[in-house]
Every structure is written in structure tokens, then in C-alpha cells.
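Q: Next up is a structure, given as C-alpha cells.
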Amino acid sequence: MILAPTGDDNGKKGEPMSFQKDRGYAPHTEAGELFHLATDPTQKNNVYATETAKVKELKTLMERYVTEGRSTPGPKQKNDVEISWDKRGSK
């Protein structure tokens, strides 16, 4: 899950159009991205809008990991660095 309109992190110019065309990228207007990698490894079908329960579950899990300072069992830990992420895609 990506809590942003796109996971394209190739700088200000974004992913080259030729790459987008080669992989069948289709622009979308969703606030975030979520793909079922087992059935959609090329990430062509963004299910962010239709899988709202999964988005909520993953967002809650991410927030817990940040709050607890870990993703494994054990006592709460302090994060080594300040954690900040784009929450525009949060529902």
C-alpha cells in the first residue's frame, strides 16, 4: 500500500512515458495505491478504492508499527528517527 496518489519515485519528471507504456500503466485519480501482488505482480490493477477494508487494516497496522517503534513482538521501542509519511491517501 502506498498512501499517496502514486508510487512513482523517479524524481520530478516521474517515470518515463516509454516505461509506463511498456508496463501498461494506467493513470488513476485515487488517493493511494494498493495492489494484490500474488495476482497482479505488474501492478496494473489499483484496488485502493475497492478494497477499503484492507486499506484501513494496513493503515492501522502501519500506525501501530510507528507508535510501537517495531513490527515484531516485544516491548515498545523509541524510533531511531522521526517518522513522517504522506497521509493524504488515508481514509
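Q: Please determine, by comparing only the residues of the range 11-22 that are surrounded by 10 or more Cβ atoms within 10 Å (Cβ to Cβ) and modelled with pLDDT under 75, which one is nearest to Gln43 (Cα to Cα).
A: Glu15
Q: Out of curiosity, is Thr60 modelled with pLDDT of 85 or more, exposed (fewer than 15 other Cβ atoms within 10 Å of the Cβ) and β-branched (Val, Ile, Thr)?
A: When the stated conditions are applied, Thr60 passes them.
Q: Could you check how many residues of the range 29-57 are surrounded by 12 or more Cβ atoms within 10 Å (Cβ to Cβ) and aliphatic (A, V, I, L, M)?
A: Selection size over the range 29-57: 5.
The values are calculated or read from the model by the stated rules, or taken from the named source; none is laboratory data. Not measured: the values here are computed from a predicted model. Here Cβ is always computed from backbone atoms with ideal geometry, including for glycine, and neighbour counts include all displayed protein chains.
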